[in-house]
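Let me begin by presenting the structure, written as structure tokens, before commenting on it.
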Amino acid sequence: MDKIPLSVVVLTHNEERNIKECLDSVKGWVEEIVVVDDYSRDNTLSIVKHYTDKIYQRRWDREGRQRNFAYSKAGCEYVLSLDADERVSPELKKELLKLFARPLEYAGYNIPHRNYFGTYWVKHGGWYPNAKLKLFKRDKFYYEPEAEYHPRAFLDGSTFTLKGDIIHYNYQNFHSAFAKLNHQTDFEARKWIRDGRRMSLGIALRKICERFFKFYFIKRGFLDGFIGFFLALYSGMYQFFAYCKYWEIKKGIAK
């Protein structure tokens, strides 16, 4: 099979559980695989070395900077950005092979995400198709460099949405979901402080209710049963956990 002129870029940090399946999904049909690692202490790099020699290590400071650095190492005009817990589905692979058979028309391509909680495919509550800008022209795209987490993306040009999915194993189980919530709300609270945002318990409680209602009822998360209920509540509690940490910092009692 001829390889398509595409750089697949993956960020890693202690991803020995995920990285093999991620790289297997693109092995053999893309021009290059680029991995930027945040000094993993497990077997991530020993696994990666079986797939590519374009491996770079950089300490994670801010997400935007890390991603922009990684994309700068790509040698192809177009980049497909994957996280270690993501895989290219067979349908998306087929679509990409067809897409690159002729000159690409758009600066960026949005790709639907098939998100999983454990082995359960979450189809409602705003979780599917949930298309994100993952394929883009390298010199037309960058992330906001100063954001610690969830940076804004900037693209100079138009986009098109593909049909094939990226398979995303978002949460392994409830334990990993709680761990991610705790980790992400650290960044959110610091962002509120840095931006000078005025928050209160009343605002936090209102956001809990608004988010739960939106994802459970309006976006029909209830169709996913208990998982749908949990994820709708999880979205609201994200705001509450972030407020708790914000309050702690403002009161000067955080260690």
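Summary table
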| read-out | value |
| --- | --- |
| Ser176 accessible area, assembled protein chains, probe 1.4 Å, Å² | 30 Å² |
| Rounded accessible area of Cys76 (nearest 10 Å², 1.4 Å probe) | 10 Å² |
| Derived scalar couplings ³J(HN,Hα) [the stretch 147-158; Karplus, 6.51 cos²θ - 1.76 cosθ + 1.60; whole Hz; x for Gly, Pro] | 6, 5, 8, 6, x, 6, 9, 10, 10, 8, x, 8 |
| Residue with peak Gaussian network fluctuation, the chain [Cα springs, cutoff 10 Å], from Gly118, Gly126, Gly196 | Gly196 |
| Three principal axis lengths of the stretch 78-117 [C-alpha, angstrom, descending] | 36, 19, 15 |
| Gain in span if fully extended, Asp38 to Tyr120, counting 0.36 nm per residue against the direct Cα distance | 26.6 nm |
| Label-point separation in nm, Arg102 to Ser158, each point 7 Å along Cα→Cβ | 1.5 nm |
| Under 28 Å from Lys140, Cα to Cα: lysines that are on another chain or at least 8 residues apart | Lys3, Lys27, Lys54, Lys73, Lys93, Lys94, Lys98, Lys132, Lys163, Lys191 |
| Amide proton proximity set for Glu31, modelled H, under 5 Å, gap of 5+ | Ile4, Leu6 |
| Candidates Glu148, Glu16, Glu210, ranked by Gaussian network fluctuation over the chain, Cα under 10 Å, top entry | Glu210 |
| Size-normalised alpha-carbon gyration radius of the stretch 1-49, reference 2.2 N^0.38 Å | 1.16 |
| Net length gained if the chain between Leu205 and His150 were fully extended (0.36 nm per residue, minus Cα distance) | 17.5 nm |
| ³J(HN,Hα) computed for each position of the stretch 107-117 - Karplus, 6.51 cos²θ - 1.76 cosθ + 1.60, integer Hz, glycine/proline x | 6, x, 10, 7, 10, x, 10, 9, 7, 10, 10 |
| Square roots of five times the Cα gyration tensor eigenvalues for the stretch 74-164, Å | 22, 19, 12 |
| Cα gyration tensor shape of the stretch 117-232, rounded if a/c is under 1.5, else prolate or oblate by comparing a/b with b/c | oblate |
| Radius of gyration, Dmax [the stretch 25-67; alpha carbons; angstrom] | 11.5, 32 |
| Tail weight of P(r) past 16 Å, computed on alpha-carbon pairs of the stretch 1-125, percent | 64 percent |
| Heavy-atom SASA rank of Phe136, Phe240 (probe 1.4 Å, accessible area, largest first) | Phe240, Phe136 |
| Built amide H within the under 5 Å cut-off of Glu15, gap 5+ | Thr44 |
| Unit Cα scatterers, Debye sum, the chain: log10 I(q)/I(0) for q = 0.15, 0.17 Å⁻¹ | -1.21, -1.45 |
| DSSP beta bridge pairing in the stretch 110-255, given as percent antiparallel to the nearest 5 | 55 percent |
| Signed unit charges on C-beta, dipole axis of the chain, positive-most listed residue Ala131, Ala147, Trp247 | Trp247 |
| Antiparallel bridges, percent of DSSP beta bridges restricted to the chain (to nearest 5) | 40 percent |
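The values are calculated or read from the model by the stated rules, or taken from the named source; none is laboratory data. Owing to the predicted nature of the structure, the values given are computational and were not obtained by experimental measurement. Virtual Cβ from ideal backbone geometry, glycine too; neighbours counted across all protein chains shown. We work out accessible area using only protein heavy atoms, side chains counted, and drop any ligands, DNA or RNA first. Shrake-Rupley method; radii C 1.70, N 1.55, O 1.52, S 1.80 Å.
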